[in-house]
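The values are calculated or read from the model by the stated rules, or taken from the named source; none is laboratory data. Every value quoted in this text rests on a predicted model; they were computed, and no experiment measured them. Here the Cβ is made from the backbone with ideal geometry for all residues, glycine too, and neighbour counts use every protein chain on show. These accessible areas exclude ligands, DNA and RNA; they are computed on the full protein's heavy atoms, side chains included. Shrake-Rupley method; radii C 1.70, N 1.55, O 1.52, S 1.80 Å.
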Amino acid sequence: MNKSIGIFITLLLAPPVLAQETSVVDSLHNLSAGGPGEVRAAVEEQVCIFCHTPHHAAPIVPLWNRAMPLDAYTPYTSRALDAEPGQPTGASKMCLSCHDGTIALGAVLSRPNPIVMRGGITTMPQGRSNLGTDLSDDHPISFRYTSTLAGKDLHLRQPSSLPAELRLDSNQELQCTTCHNPHSNALGSFLVMHNENSNLCRACHAIDSTDVAGHSECNACHSPHTAPSGPYLLRGINITNACMTCHDGTTPNAPNINPDLHKLSVHDTDREIDPADPLPFDVTCSDCHEPHTMRHGAASAPQVPLNFGQVSGVTLSGGDIPTAQFEYEVCFKCHADQSALPPTITRQVTTDNLRLKFDSTAVSYHPVASPGRNSDVPSLLPGWTTASVIYCNDCHNSDTGSKSGGGGPDGVHGSNQQPLLIKQYSMLDYTSESAAKYALCYSCHDRNSILGNESFEEHRKHIVEERTACSTCHDAHGVSSQGSARNNSNLINFDLSIVSPDPSTNRLEFIDDGRFAGQCFLRCHGENHNPERYGR
Ligand code: HEC
Ligand code: HEC
Ligand code: HEC
Ligand code: HEC
Ligand code: HEC
Ligand code: HEC
Ligand code: HEC
Ligand code: HEC
Ligand code: HEC
Ligand code: HEC
Ligand code: HEC
């Protein structure tokens, strides 16, 4: 007799097994006629026989009494996975001999005919307990959980540090039995340890608890089995969907961002195909909010909002970084070297690489990445100075969020003001000036100062009388080093659909002549400037 079978029989006879026997008896794994569950035999009274027999057993310890399923499973996979789970092995195969739903529950090797189950049940009924042969939506199993694997993934604990309840098999493989004990349902779901506060998950995954209420448990977003997403085991078909199971207005206290996602101008998270698809066109929640590290609380520009967590980014100099420090670095993943969008307005100096427009080498820029170049901006409202640094989201945000003065959630999710602007900003020629039409600019720049010509003495003439939009003369972001300090200071970068070269000189040019002084060569609204001067 083989040594482990000997141990097995000894165990079967030894007193401690009685306790174990009692717990199997009380559980859904007691498939005998006297078992507690719906799924049980018509007359068979033996309990252990559905899985074990001392005689005629399959050549697998401990005296397995069931035919083993074929290797026809689809294992779990994802682009982030380091482990390479193949076909199920060891004890997992034993579980699957019932839980994949292909083999009759009563088909045991020690009987010539399958044990008859009540109610005509043969294989595992459809429902939660039937995992099917597609394991791509279940927690990965049957792979070696070694220190080498843990070394590849900073968020995995060393297998040597696992609590005693979590046991890998003799080949150091993680199996169904690492998390489940088929003999005891004392903790529910046959678990080997409580999963309160996600302790089971956290025993292997070094993922801290977040202070965002509603996210504290792994199962807020994940499901260990039959997860709709497949990869990443999410509770929705994809990341967006998993988040929107709560953020759609159905869950108390979870901000409802559903209305924003269906406005005129959006980050189209519905288009998400695979969370690991190449940036920038496949935008989803976790591109801005790293789900495991996001926090509650306030940060100040340009620091990443705390609810972004440790999300990846691209620096001002173009380097990929795993953890962005500044909000704009998150946006630069998709709006810099890999540009998601062409410029809204075709201008004299043009680039769709926003990194170059906000760079300190740019000739003029809104102070997103560093304080601006102009030390004389008289229109700034209280609260803003020439030393201020602003967020992209000071201009691009929900038009109904708290930051815009509304009651809805904040975020660069969607707005009815294009392109995803927090407030109205008319870019149309012949716009009749009002506080509302340029509300975006007037939230930081005093309307009275602008229309009172405090800097550019022709502001009122152009904006009010000529009905010229701010965007005809000003670039809202910045002018890269392709422009020049002489021609593109003060964010001057003409809209080429409205402004054209002056016909007599063929010049289209702004020239900065010092403080509040300059001249223009151009043609606009039928007027030739060759040049027109102001100031001095
Ligand atoms: C639903 C299936 C199932 C039933 C019913 C079942 N067992 Fe098991 N048992 C298993 C599996 C699977 C293993 C292998 C566990 C492993 O490899 O980690 C096992 C292993 C064992 C072992 C080896 C030691 C151990 O715990 O790994 C003993 C002893 C044992 N079972 C006793 C019993 C007894 C006695 C009964 C009846 C009272 C019983 N089992 C009922 C599935 C079952
Ligand atoms: C002989 C068939 C059989 C084997 C082998 C078997 N199970 Fe089960 N298992 C069942 C049945 C039947 C149920 C109850 C299904 C139901 O009521 O829907 C069940 C239920 C469960 C449940 C759900 C418990 C709950 O509270 O809902 C878990 C978890 C489970 N089994 C895990 C395992 C694991 C892990 C293994 C292998 C170690 C295993 N089973 C082996 C037949 C089996
Ligand atoms: C990494 C841990 C882990 C592994 C590995 C694992 N499970 Fe589970 N399983 C769980 C947890 C946790 C639950 C409870 C889920 C809940 O209550 O939401 C569960 C629940 C179940 C259920 C009940 C149905 C359900 O969806 O809640 C069955 C059946 C089950 N597991 C079978 C298996 C089988 C069979 C295997 C191996 C193929 C396996 N489990 C591998 C953690 C695991
Ligand atoms: C016994 C240790 C262990 C437990 C317990 C455990 N996991 Fe895992 N889990 C792993 C290992 C190891 C991997 C493979 C990681 C890899 O290769 O990148 C993994 C993979 C995963 C993956 C897929 C990762 C990917 O890159 O696609 C998810 C999601 C996951 N676990 C979630 C959970 C959740 C949720 C729980 C709690 C219900 C849990 N795990 C419990 C060890 C465990
Ligand atoms: C707020 C939702 C949310 C919560 C809570 C959450 N996750 Fe995740 N998790 C995700 C999403 C979404 C992904 C998909 C990958 C991505 O884009 O980051 C993911 C990916 C993973 C991965 C695979 C990728 C990786 O980073 O290795 C593992 C493992 C994982 N989660 C485990 C856990 C565990 C364990 C917990 C609990 C401690 C947990 N998660 C809590 C949403 C969540
Ligand atoms: C199970 C429900 C649930 C799921 C799923 C969920 N959330 Fe939440 N989330 C909440 C609740 C509740 C709050 C409010 C917490 C509070 O007020 O402290 C919240 C708050 C937030 C916040 C604001 C945090 C702050 O305090 O600034 C962000 C951002 C967020 N969730 C993003 C996500 C993302 C991204 C996902 C998907 C990866 C997600 N949530 C999935 C329930 C959920
Ligand atoms: C993962 C890539 C990605 C990231 C990160 C990203 N965006 Fe976008 N953004 C897009 C795509 C793609 C579009 C085009 C709209 C769409 O199809 O989703 C877009 C559109 C926009 C628009 C114009 C909307 C319109 O209607 O034309 C603005 C403004 C914008 N993003 C600002 C930001 C800001 C601010 C950030 C940083 C907080 C950011 N984006 C981060 C991919 C991204
Ligand atoms: C001062 C307000 C303001 C700030 C700050 C700002 N934007 Fe914009 N953004 C606009 C306006 C206004 C437009 C419309 C186009 C224009 O006026 O040239 C726009 C257009 C866009 C577009 C559409 C494509 C394009 O280039 O026209 C994207 C994408 C965008 N912004 C992203 C960003 C990102 C990313 C940041 C931060 C790095 C940012 N914006 C900072 C006001 C701002
Ligand atoms: C392009 C980046 C970006 C994407 C993509 C994105 N968010 Fe946000 N989100 C933000 C910003 C910026 C904020 C506001 C941060 C702040 O000011 O604290 C925010 C805030 C939130 C808040 C808190 C709102 C409040 O007022 O408390 C929730 C909830 C949220 N996001 C959920 C989501 C969900 C769910 C998704 C996917 C459907 C998503 N976000 C996609 C950038 C993004
Ligand atoms: C969130 C606040 C904020 C908003 C909104 C805003 N600005 Fe500014 N703006 C500033 C700050 C701060 C400065 C000072 C930068 C400096 O010192 O160079 C500035 C500077 C300027 C300058 C001078 C830049 C230079 O280099 O000389 C112009 C022109 C300007 N803004 C136009 C606009 C227009 C047009 C809008 C509307 C699309 C707008 N701003 C919206 C905060 C804002
Ligand atoms: C016809 C072109 C033109 C239009 C239209 C225009 N501006 Fe200007 N703006 C200028 C010029 C030129 C300067 C530089 C003045 C100087 O310092 O020499 C300037 C300077 C500024 C400044 C920086 C100095 C200050 O006043 O604080 C701000 C801010 C500004 N403009 C905002 C706006 C806003 C807001 C609008 C629309 C409501 C607008 N501008 C429309 C040409 C224009």
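Selection of the range 389-426 for residues being open to solvent by less than 20 Å² (accessible area, probe 1.4 Å), over 22 Å from SER471 (Cα atoms) and part of a loop (DSSP other than H, G, I, E, B) yields only GLY411. Based on this model, can you work out whether ALA83 counts as modelled with pLDDT under 95 and not β-branched (Val, Ile, Thr)? Here the answer is no, as ALA83 does not meet what is asked.
Tell me the strands (runs of 3 or more DSSP E) entirely within the range 427-536 that contain at least 3 residues that are open to solvent by 40 Å² or more (accessible area, probe 1.4 Å) and not β-branched (Val, Ile, Thr).
It comes to 527-534.
What residue, of HIS445, HIS413, is touching a residue at least 60 places away in the same chain (Cβ under 8 Å), within 10 Å of ligand 10 (Cβ to nearest atom) and not aliphatic (A, V, I, L, M)?
HIS445
Number of residues in the range 325-337 that are away from ligand 8 (no atom under 12 Å from the Cβ) and surrounded by 15 or more Cβ atoms within 10 Å (Cβ to Cβ) equals 1.
For the range 1-28, a residue qualifies if it is modelled with pLDDT of 60 or more and touching a helix residue (DSSP H, G or I) at 6+ places or on another chain (Cβ under 8 Å), and exactly one does: VAL24. Just to be sure before I move on: is ASP208 within 21 Å of ALA80 (Cα to Cα) and either within 12 Å of ligand 5 (Cβ to nearest atom) or of a type in the set (D, E, K, R) (or both) in the structure I sent? Taking the combined requirement at face value, the residue satisfies it.
Tell me which residues, restricted to the range 133-163, are among the β-branched types (Val, Ile, Thr) and loosely packed, with under 12 Cβ neighbours inside 10 Å.
THR148 - this is the single residue of the range 133-163 that is among the β-branched types (Val, Ile, Thr) and loosely packed, with under 12 Cβ neighbours inside 10 Å.
Filtering the range 296-311 to residues that are under 24 Å from HIS155 (Cα atoms) and buried (at least 16 other Cβ atoms within 10 Å of the Cβ) leaves VAL304, PRO305, ASN307, PHE308, GLY309, VAL311. Every listed requirement among (1) under 23 Å from the mean Cα position of the chain (by Cα); (2) assigned by TED's automatic domain parsing to the domain that holds ILE498; (3) among the hydrophobic types (A, V, I, L, M, F, W, C) is met by LEU380 save one, (1).
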